[in-house]
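The structure appears below as structure tokens.
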Amino acid sequence: MYLTLRNRSDAAIKILGFEVDEPAMAMLHQTKIDEDGRSTMHSHEPLSLQPGEELVMEPGGVHLMVTGLDEASVTRGFSVRARLESGSLIESTVVAVPPDQLLVVTDDSSDTGQAP
């Protein structure tokens, strides 16, 4: 799953992992291309974001691997929670969209400094 993480706070944050409702699982992965051009995936270390920093997850890089979702959850949406080093959870609802139907909308006017 590709998404954008944005730290709107005044302090650095460390994301230890991601959670979804069971029986699904969420794992942070990094795609790497070896010297022979083969693509491999590896677990990714926790993420650190400085104030104002943004991480765009996209093909060929860091992404969130979500497994075990039923088709109904994918089409109607499901909750993803980022688990922070502080012990906080930041929750967002995700609806899967096929890549050919992806529409990116940016509205910075709603930037309140709070998690969505």
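Observations, loosely collected:
- Selection count, region 29-62, where residues are outside any loop (DSSP other than H, G, I, E, B) and either under 29 Å from residue 73 (Cβ atoms) or without any contact (Cβ under 8 Å) to a residue 12 or more places away in the chain (or both): 15
- Near pairs, Cβ below 6 angstrom, 6+ apart or cross-chain, from region 1-28 (free of Cβ contacts under 8 Å to residues at least 40 places away in the same chain) to any residue that is polar (S, T, N, Q): 12/50
- Unique residue being within 12 Å of residue 15 (Cα to Cα), under 16 Å from the mean Cα position of the chain (by Cα), surrounded by 10 or more Cβ atoms within 10 Å (Cβ to Cβ) and of a type in the set (Ser, Thr, Tyr) when the list is 86, 79, 48: 48
- Residue in region 14-28 that is modelled with the lowest pLDDT, counting only those that are part of a loop (DSSP other than H, G, I, E, B) and surrounded by fewer than 15 Cβ atoms within 10 Å (Cβ to Cβ): 22
- Count of region 1-13 residues which are surrounded by fewer than 15 Cβ atoms within 10 Å (Cβ to Cβ), assigned to a loop (DSSP other than H, G, I, E, B), touching a strand residue (DSSP E or B) at 6+ places or on another chain (Cβ under 7 Å) and not hydrophobic (A, V, I, L, M, F, W, C): 1
The values are calculated or read from the model by the stated rules, or taken from the named source; none is laboratory data. Please read these numbers as outputs of a predicted model, since none were measured by experiment. In this analysis, Cβ positions are derived from the backbone assuming ideal geometry, glycine residues included, and neighbour counts consider all displayed protein chains.
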